[in-house]
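I'd like to ask you about the structure that follows.
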Amino acid sequence: MKIKSLGLLISILSIAFLFTGCGEPLMKMTAEEEAIITAYASKAVSKFNKNQTIGIANARVREGELDEEYNPDEPEETDDEAIEQPEIDPETGEPIDVDASSENTEESGEETAEDSSQDLGYSFTEAIGIEGVEFSCSEFDVSEEFKTKKFLMEKVSGKKYVVLSIEAKNTSDKSVDFSQYKGNSYSLSLNGGEKVSASFTPLGNDLVNYDGILAAGDTKSFILVFQFSDSSVENITSMELFVTSEGTTRGTTI
């Protein structure tokens, strides 16, 4: 029995040995090759990392990157790195065109300055631009509050009111309907500074909202009220009124 069992065991081992292949040996890599594969794999993973705004498009290893003396701060003249990466908007994820933005800003600033200088040069009557009516600014007043018998604009900390008194005369031979000019907007600049829009009041002689009719030969007194900072009204050396109607702005020096 023992001889038969031993023979059976030897037969099984022989068959197993005959059907066992040696296989191909594993590829041996140098340390540099292993480092290249590791660097590529890490960059490939980063490319598909959803937590990044944008992935790495170029996963190639830079020349000399694996050398011990490699300095990443040194600029490398390659076609890929010569292309500047765009700035990304964190909200939309879209690239920001910095050059276009700056160009638009510069152009906008130039146009604004140009327009402001071109606006001036009109007479007071031409600036207001109501056909058949002559206008003149008789005086202006600066005060902490503006009040009439039925209306009060109270004092505001750090602000003062500048009120223009304007005389209007219908020099034409027909009545002038002011309601068609209610879309006009008025702004005032002191000493060449920032333009401030006229404040709205419910007064019947406020030029901003007057919609009555001025008969031929009649005259009427109007006001325009503006609110400026205390520092702006300390020393007024010049005043410019700007009137905008139908997209056109006309300026005059008072």
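What is the percent carbon and sulfur in the accessible area of the range 110-254, measuring with a 1.4 Å probe over the protein chains and ignoring ligands?
Working: 3530 of 8070 Å².
Carbon plus sulfur share of accessible area: 44 percent.
Using θ = phi - 60° and the Karplus form 6.51 cos²θ - 1.76 cosθ + 1.60, what ³J(HN,Hα) does each residue of the range 167-181 get, whole Hz, x for Gly and Pro?
9, 10, 9, 7, 8, 8, 9, 9, 5, 10, 8, 6, 4, 6, 10
Per-residue HN-Hα couplings for the range 213-224, Karplus 6.51 cos²θ - 1.76 cosθ + 1.60 at θ = phi - 60°, whole Hz, x for Gly and Pro?
Those phi angles translate into 10, 9, 5, 4, x, 7, 10, 8, 9, 10, 9, 9 Hz.
I've got another one for you. Within 15 Å, Cβ to Cβ, of N191, how many net charges do the neighbouring residues add up to if Lys/Arg are +1 and Asp/Glu are -1?
On the way: positive: K160, K195; negative: E194, D230, E234, E240.
Net charge in that neighbourhood comes out at -2.
Also: Residue by residue through the range 247-254, which ³J(HN,Hα) values in whole Hz follow from phi under the Karplus form 6.51 cos²θ - 1.76 cosθ + 1.60 (θ = phi - 60°), with glycine and proline marked x?
Each residue's phi maps through the Karplus curve to give x, 10, 10, 10, x, 9, 8, 8 Hz.
Next question, about the same structure. Only Cα pairs under 8 Å and at least 6 apart count here; give the relative contact order of the range 142-254 as a rounded whole percent.
Details: 224 pairs, mean separation 35.2, N = 113.
Dividing the mean separation by the residue count of the range 142-254 yields 31 percent.
Consider a paramagnetic label point 7 Å from the Cα of D211 along Cα→Cβ; state which residues of the range 154-193 have an amide N under 20 Å from it.
It comes to 175-186, nothing else.
The values are calculated or read from the model by the stated rules, or taken from the named source; none is laboratory data. Keep in mind it's a predicted model, so treat the numbers as computed, not measured. Neighbour counts run over all protein chains shown; Cβ positions are idealised from the backbone, glycine included. With ligands, DNA and RNA removed, areas are computed over all heavy atoms of the protein, side chains included. Shrake-Rupley method; radii C 1.70, N 1.55, O 1.52, S 1.80 Å.
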